[in-house]
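Trainee: Got a structure for you, written out below as structure tokens; questions coming shortly.
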Amino acid sequence: MNYLVGAFKPPCNIFISFADGRSRKQVPLKKENGKTVMVALFQSQESIVGEVVIEPVHRKKVEHNGVKIELLGQIELYFDRGNFYDFTSLVRELDIPGELYERKTYPFEFSTVEMPYESYNGVNVRLRYILKVTISRNYVGNIVEYQEFVVRNYTPPPSINNIIKMEVGIEDCLHIEFEYSKSKYHLKDVIIGKIYFLLVRIKLKNMDLEIRCRESTGSGPNTYVETETLAKFELMDGAPVRGWFKDSCNPGPAHGDSGESIPIRLFLSPYELTPTYQNINNKFSVKYYLNLVLVDEEDRRYFKQQEITMYRLLETS
Amino acid sequence: MLNGTEDEEKWLAEGIAGIQHNAFYMHRALDSNNLREALKYSAQMLSELRTSKLSPHKYYELYMRAFDELKRLELFFKDDSKHGVSVVDLYELVQHAGNILPRLYLLCTVGSIYIKSKEAPAKEVLKDLVEMCRGVQHPIRGLFLRSYLAQISRDKLPDIGSEYEGDADTVMDAVDFVLQNFTEMNKLWVRMQHQGPGGVREKREKERSELQDLVGKNLHVLSQIEGVDLEMYKETVLPRVLEQVVNCKDDLAQYYLMDCIIQVFPDEYHLQTLETLLGACPQLQPTVDVKTVLSRLMDRLSNYAASSADVLPEFLQVEAFSKLSNAIGKVIEAQLDMPAVGAITLYVSLLTFTLRVHPDRLDHVDQVLGACVKKLSNIPKLEDSRAMKQVVALLSAPLEKYNDIVTALTLSNYPRVMDHLDIGTNKLMAMVIIQSIMKNNSCISTADKVEVLFELIKGLIKDIDGADVDELDEEDFKEEQNSVARLIHMLYNDEPEEMLKIICIVRKHTMVGGPKRLPFTVSSLVFSALRAANGCDIEHVAYEFFTQAFLLYEEEIADSKAQVTAIHLIIGTLQRMNVFGVENRDTLTHKATGYSARLLKKADQCRAVYACSHLFWVDDQDGIKDGERVLLCLKRALRIANAAQQMANVARGSGGPVSLFVEILNKYIYFFEKGNKQITSSAIQGLIELINTEMQSDSTNPDSVADAFLASTLRYIQFQKQKGGVMGEKFESIKL
């Protein structure tokens, strides 16, 4: 009977904990089953220190060929689900082959670990970091336990951050000029900008600013691109009439008036954004765009998309 | 199918329901201090204001519902113990809303608390709000949003003496804020004309005028800012408001805003900035009713001038008159197609202005009239009746002000303006002039002025070319001519020489009047001449006048009715003359009696003849009292009355007018009372019996008027009898 139990249930429990687990920041992480759990947050170059506790069930002897702990950085592409690509793999032997009779604690340390990529849960791809403890055994399967953690890397404010300024239009119908104060934004940033209407002969209904996220995975013929609109923010209700009078009664532009300008102020904090990921390990990219959309009274859409770079600024609070 | 209005009602009802629904959940969230939910439902509630289906009027109703709810929300926001979020964070939080209109309403609401909290300088918040509101460019929604902004910020402007004034916040910031909001609102308002549902022009303009006060409110707020002193008004406020007014190039807006400026800011400011304000007028659209704008300005300034004598020096100092006069000239010059009535209205206002402000400056008055003449001379023929009315107003104003035609007579342009009136109006104006003279009892005492005066009223004096004689109203004509006759009496000078000149001028003018006017005017002239002659004791001159009058009577007056009138006047005049010697008098009275007896109708003859009896009995101390000849006249009148009676019998088989006899009876009684010995009680007695017989004769038609006349005459005799005394005794012998 005991044997049978042992076949389905691991003969021992494994607990993985971090040395600074109580003080370390925890962030929510969405699991595959849809549940959100809180996990420890790390960044690159941090030392990951902790201990593993193995506790045989019912004080039953566990024979093993050695105990090890691995730190893995993995990318999983969903078209190739279950197949993990490890871009980082570190191992620490915790115990030589032998037998376990009672609860045993193994401290471990990975010092100054290089974790260049951030944890990411996308539409078609996932990047994750795990600690994996393996108790190797002959004949019967190995006993394995995972502890996931999250990595976020902070970037200092960019030294060069140009404004984005563009003139777009349709000849003789619409002529606008827009500017965003920066091309690079941190995740809690505010997009400030202005749109100048130089010529409007289309009956515009409204204007929105969208934040679009473009995730591309794979390469070559197996490239998958997924675009998501994360924010739809109305900038303008109605539209200024500009150049409307030109043909009818009112020659020339009004004096001292350089065109109607509409302000942009979009707070990014309410949206779930990540930094821009550029070709992560040749597996995937995540890019962000600002899409300026003008809608006319017949619901035709006129838009102009601009890429912006997102980065993660170390939160001081 | 529903029609437009029903549809609108339906949409409004839906909107209100939407607001109520979301407000209910918002209240619940407020009661449970749930900020997140409160924000969510308030944003949803405000989304109802995103509708495009309502007219401004209905939209206002919806807006007011939301407005009331926002007041509750504001109270909640204000109390951070309820939601635990600092106002700075709250200011950001409300900006997360995806839809712009709810977002901005919430932002304004929090912004007002933000200013109150003084955690940021008021000007920063105000500037941010007014700037962010640019996002709503839909005219109606934008106007209401900005009007909400104006409403919540009114008591939070960094005005002088306000708690929001500080080192960083000055009244200049307050002014900048209001001006910017005003500018944006005006743009939205003007845009309605070119945008939105392509309805008919009238409908759009109606809708726009429903919204005008939202725009004008800003100017009102500006005028209420303590710190806007004359200096700031002059340097900043007015130029910037005017810039917007001129540049918007929209006639509706320009007219309304100009008027608004004039109405909301103090008179004193207008006076000190006249040049700037007036300078904008020629730059307005040609369709703008500038004349009304200017008229109102001048009216206001006139009232201001009238309010206190202390302010008059200010008017002089800024040369208000010449500035206004110039401006009007420019406007009239610039607006070629302005109807005459517009231009003249302007001149009327200017005249009113100068009469109030500079009553002593007749040259100004003349200058205005001159400008008007210039304008009128460019118009071939003034046919607009409203314009005509304005010209009359223009001409009447100096008369009313000075209450003295003499003053008006010194205005060289006055007659030149009158020349431009049509005949009817010219007459009307002439009547106004005469009435003014009569009312004020002004005496015109020099020949020059009389000359000018007759030039003014020439419309009444003679036929003017092109006048449609057929259209003359008999009664009006009589009244006019009677007025002229009365006027002649007002021309008087004690100096015989000057008086003679006056008379000559009057004669020169009246003699061209033609047969219809002469009967009215000549008599007055004669009177006037006789008065002069009488007064001067120049018998031969007086005699000459009478001779002329008789000649005129013979040669010019052919109409029998006119003859009757004239002869009575002659008799009346002659009776009062005391300058003549016996011989001349006899000649004249004889002539007059002769004319009387030769009138066409018997009745007229009779009446003229008995009137002649007075020529021999002047009831003065040393007047002539020739009782015999009085009796002769009366007897002659009786004979004529008798003849008339018989003629009537022959002609119609009925009795003639008994009233003639009664009239003669009255004359008898008069002279009897006056002590004419030739008139005896028995003669009266006999006459009464004669009348009674006539009355009772079968052939006589019952004549109620004559009956009444006789009855009252008899009552009079009865009364005299009972009175006793000398008169009683005298009448005693008459038996009734």
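The values are calculated or read from the model by the stated rules, or taken from the named source; none is laboratory data. Everything numeric here is computed off the predicted structure, so don't read it as measured data. Positions of Cβ are backbone-derived with ideal geometry, glycine not excepted, and every protein chain shown enters the neighbour counts. When the accessible area is computed, the model is the full protein with side chains, heavy atoms only, and any ligands, DNA or RNA have been set aside. Shrake-Rupley method; radii C 1.70, N 1.55, O 1.52, S 1.80 Å.
Trainee: Shape verdict for region B:32-158, please, from the Cα gyration tensor: rounded (a/c under 1.5), prolate (a/b greater than b/c) or oblate. It would help to have the intermediate numbers written out before the result.
Mentor: Values: a/c = 1.81, a/b = 1.30, b/c = 1.39.
Judged from the Cα gyration tensor, region B:32-158 comes out oblate (a/c at least 1.5, b/c at or above a/b).
Trainee: Could you give the alpha-carbon Rg of the protein assembly as shown over 2.2 N^0.38 Å, rounded to two decimals?
Mentor: Working: Rg = 53.5 Å, N = 1053, 2.2 N^0.38 = 31.0 Å.
Relative to the rule-of-thumb radius for its length, the protein assembly as shown sits at 1.73.
Trainee: With label points built 7 Å along Cα→Cβ from the Cα atoms of B:D473 and B:T236, find their separation and express it in nm.
Mentor: Modelled inter-label distance: 6.1 nm.
Trainee: At a 1.4 Å probe radius, carbon and sulfur cover how many percent of the accessible area of chain A? Kindly include the intermediate steps, with their values, before the conclusion.
Mentor: Values: 8070 of 16780 Å².
Answer for chain A is 48 percent, counting heavy atoms of protein chains only.
Trainee: Can you count the Lys pairs in region A:148-219 whose Cα atoms are under 16 Å apart, with each pair 8 or more apart or on different chains?
Mentor: Values: A:K165/A:K182; A:K165/A:K184; A:K165/A:K194; A:K182/A:K194.
Count of close lysine pairs: 4.
Trainee: At 7 Å along Cα-to-Cβ for each site, give me the label-to-label distance between B:A168 and A:E272 in nm.
Mentor: 3.8 nm
Trainee: Could I ask something else about it? Where in chain A lies the longest segment free of GluC sites (Glu not before Pro) that are both loop residues by DSSP (not H, G, I, E, B) and have at most 16 other Cβ atoms within 10 Å? Can you show the working numbers first?
Mentor: Working: sites that count: A:E32, A:E46, A:E102, A:E114, A:E171, A:E272, A:E297, A:E298, A:E315.
The reported range is A:172-271.
Trainee: Which of A:V37, A:Y85, A:I262 sits closest to the plus end of the dipole of chain A, meaning its Cα is farthest towards the positive end, when Lys and Arg get +1 and Asp and Glu get -1 on the C-beta?
Mentor: A:V37
Trainee: Next question. Please report, in debye to the nearest 20, how large the charge dipole of region B:636-735 is about its Cα centre when each Lys and Arg carries +1 at its beta carbon and each Asp and Glu carries -1 there. Display every interim value, and only then the final one.
Mentor: Working: 11 positive and 9 negative charges, 80 e Å.
For region B:636-735, the charge dipole is close to 380 debye.
Trainee: Compute, for A:D86, the solvent-accessible surface of its heavy atoms (probe 1.4 Å) with the complete set of protein chains present, and express it in square angstrom to the nearest 10.
Mentor: 60 Å²
Trainee: From the helices alone, meaning DSSP H stretches of at least four residues, give me the mean residue ellipticity at 222 nm for the protein assembly as shown, per-run term -39500 (n - 2.57), in deg cm²/dmol to the nearest 500.
Mentor: Values: 38 runs with 538 residues, N = 1053.
Only helices count here, giving -16500 deg cm²/dmol.
Trainee: Give me the accessible area of B:L75, 1.4 Å probe, in Å² rounded to the nearest 10.
Mentor: 110 Å²
Trainee: Return an integer: the convex hull volume of the alpha-carbon atoms of region A:12-151, in Å³ per residue.
Mentor: Working: hull volume 17.4 nm³, N = 140.
Cα convex hull per residue, to the nearest whole number: 124 Å³.
Trainee: Probe 1.4 Å, all protein chains in place: accessible area of B:W11 in Å², nearest 10?
Mentor: The accessible area of B:W11 comes to roughly 70 Å².
Trainee: DSSP beta bridges in the protein assembly as shown, what fraction antiparallel, as a percent rounded to 5?
Mentor: Numbers: 111 of 118 bridges.
Once the DSSP bridges in the protein assembly as shown are tallied, antiparallel ones form about 95 percent.
Trainee: Relative contact order of region A:12-151, please, whole-number percent, based on alpha carbon pairs below 8 angstrom and at least 6 residues apart. Working shown, then result.
Mentor: Details: 315 pairs, mean separation 40.6, N = 140.
Once divided by the residue count of region A:12-151, the mean separation gives 29 percent.
Trainee: For the interface of chains B and A, what total accessible area is buried with a 1.4 Å probe, rounded to the nearest 100 Å²? Working shown, then result.
Mentor: Values: alone 34690 and 18000 Å², together 50380 Å².
For B against A, buried area totals roughly 2300 Å².
Trainee: Measuring with a 1.4 Å probe in the full set of protein chains, what accessible area per residue, in whole Å², belongs to chain A? It would help to have the intermediate numbers written out before the result.
Mentor: Values: 16780 Å² over 317 residues.
Each residue of chain A exposes 53 Å² on average to a 1.4 Å probe.
Trainee: List the aspartates and glutamates whose alpha-carbon lies under 17 Å from that of B:K127, not counting same-chain residues fewer than 8 positions away?
Mentor: A:E260, B:E92, B:E119, B:D155, B:D159, B:E165, B:D167, B:D169, B:D173, B:D176, B:E184
Trainee: Okay, next question. What FRET efficiency would be calculated for the residue pair B:N378, B:E544, taking the C-beta separation as r and a Förster radius of 45 Å, to the nearest 0.05? Display every interim value, and only then the final one.
Mentor: Numbers: r = 49 Å, r/R0 = 1.10.
The formula returns an efficiency of 0.35 here.
Trainee: Please compare each pair in B:K10/B:K116; B:K374/B:K501; B:K601/B:K677; B:K10/B:K203 to a cut-off of 28 Å on the Cα-Cα distance and tell me which ones are over it. Don't jump to the answer; show the numbers that get you there.
Mentor: Numbers: B:K10/B:K116 39 Å; B:K374/B:K501 33 Å; B:K601/B:K677 31 Å; B:K10/B:K203 20 Å.
Result: B:K10/B:K116; B:K374/B:K501; B:K601/B:K677 exceed 28 Å.
Trainee: Another question about this same structure. Just to make sure I understand: if all protein chains stay in place, what is the order of B:I328, A:I163 by accessible area at 1.4 Å, largest first? All intermediate terms of the calculation are to be shown ahead of the outcome.
Mentor: Values: B:I328 0, A:I163 95 Å².
Correct descending sequence by accessible area is A:I163, B:I328.
Trainee: So, one more: Among B:V110, B:N303, B:V650, whose Cα sits farthest toward the positive end of the charge dipole of chain B (+1 at Cβ of Lys/Arg, -1 at Cβ of Asp/Glu, about the Cα centre)?
Mentor: Highest projection toward the positive end goes to B:V650.
Trainee: How many times 2.2 N^0.38 Å is the alpha carbon radius of gyration of chain A? Spell out each step's value before the answer.
Mentor: Details: Rg = 27.7 Å, N = 317, 2.2 N^0.38 = 19.6 Å.
The value comes to 1.41.
Trainee: Rank these residues by their accessible area, most exposed first, probe 1.4 Å: A:S285, B:S560.
Mentor: Numbers: A:S285 20, B:S560 50 Å².
Accessible-area ranking of A:S285, B:S560, largest first: B:S560, A:S285.
Trainee: Give the residue from B:L284, A:L100, B:S445 lying farthest towards the positive end of the charge dipole for the protein assembly as shown; charges sit on Cβ (+1 for Lys and Arg, -1 for Asp and Glu) and the dipole is referred to the Cα centre.
Mentor: A:L100
Trainee: Can you send over the carbon and sulfur percentage of the accessible area for region B:151-280, probe radius 1.4 Å, protein chains only? Numbers along the way, then the final one.
Mentor: Working: 2350 of 5050 Å².
For region B:151-280, the apolar C and S fraction of the accessible surface comes to 47 percent.
Trainee: Next question, about the same structure. Could you sort B:K427, B:K625 by their accessible area in this structure, using a 1.4 Å probe and putting the largest first? Kindly include the intermediate steps, with their values, before the conclusion.
Mentor: On the way: B:K427 25, B:K625 90 Å².
Descending accessible area places them as B:K625, B:K427.
Trainee: Give or take rounding to whole Å, what are the principal axis extents of the alpha carbon atoms in region B:571-633, in descending order?
Mentor: 35, 19, 18
Trainee: While we're on this one: Which residues, if any, in region B:87-136 have at least 30 Å² less accessible area in the whole protein complex than in the isolated chain, probe 1.4 Å?
Mentor: B:E92, B:Q95, B:H96, B:G98, B:I100, B:R103, B:E131, B:M132, B:R134, B:G135
Trainee: Could you run the Debye sum over the Cα atoms of region B:590-736, one equal point scatterer each and no solvent, and tell me log10 of I(q)/I(0) at q = 0.21 Å⁻¹, two decimals?
Mentor: Computed log10 I(q)/I(0) values: -1.34.
Trainee: Please state the shape class of chain B: rounded when a/c is under 1.5, otherwise prolate if a/b exceeds b/c and oblate if not, all from the C-alpha gyration tensor. Can you show the working numbers first?
Mentor: On the way: a/c = 3.67, a/b = 2.66, b/c = 1.38.
Taking the square roots of the gyration eigenvalues as a ≥ b ≥ c, chain B is prolate.
Trainee: Further question: Averaging sequence separations of C-alpha pairs under 8 Å and six or more residues apart, then dividing by the length of region B:636-735, give the relative contact order as a whole percent.
Mentor: Details: 76 pairs, mean separation 26.8, N = 100.
For region B:636-735, the relative contact order is 27 percent.
Trainee: Can you tell me, using C-alpha contacts under 8 Å and at least 6 residues apart, the relative contact order of chain B as a whole percent? Could you put the intermediate results ahead of the total?
Mentor: Numbers: 827 pairs, mean separation 34.9, N = 736.
Relative contact order comes out at 5 percent.
Trainee: Another one. Where the centroid of each part is defined by its Cα atoms, how far is region B:216-250 from region B:682-736 in Å?
Mentor: Going from one Cα centre to the other spans 87 Å.
Trainee: OK, next. Can you spot the aspartates and glutamates whose alpha carbon is less than 14 Å from B:K323's alpha carbon? Ignore those fewer than 8 places along the same chain.
Mentor: Answer for B:K323, where 14 Å is the Cα cut-off: B:E275, B:E314, listed by chain and number.
Trainee: In nm, to one decimal, how far is the modelled label at B:N578 from the one at B:N441, with both set 7 Å along Cα→Cβ?
Mentor: The modelled label-to-label distance comes out at 2.3 nm.
Trainee: Here is a further query. Pull up the cross-link candidates among the lysines for A:K60, meaning alpha carbon to alpha carbon under 28 Å and not fewer than 8 places away within one chain.
Mentor: Leaving aside lysines fewer than 8 places away in the same chain, those within reach of A:K60 are A:K9, A:K68, A:K104, A:K132.
Trainee: Under a point-charge model restricted to the Cβ atoms of Lys and Arg (+1) and Asp and Glu (-1), what is the dipole moment magnitude of region B:1-120 relative to its Cα centre, in debye to the nearest 20?
Mentor: Details: 15 positive and 17 negative charges, 48 e Å.
In debye, rounded to 20, region B:1-120 gives about 240.
Trainee: What does the charge dipole of region B:266-403 about its Cα centre add up to, to the nearest 20 debye, if the Cβ of each Lys and Arg holds +1 and the Cβ of each Asp and Glu holds -1? Before the final figure, lay out the partial values.
Mentor: Values: 13 positive and 16 negative charges, 83 e Å.
Using only the charged Cβ atoms, the result is roughly 400 debye.
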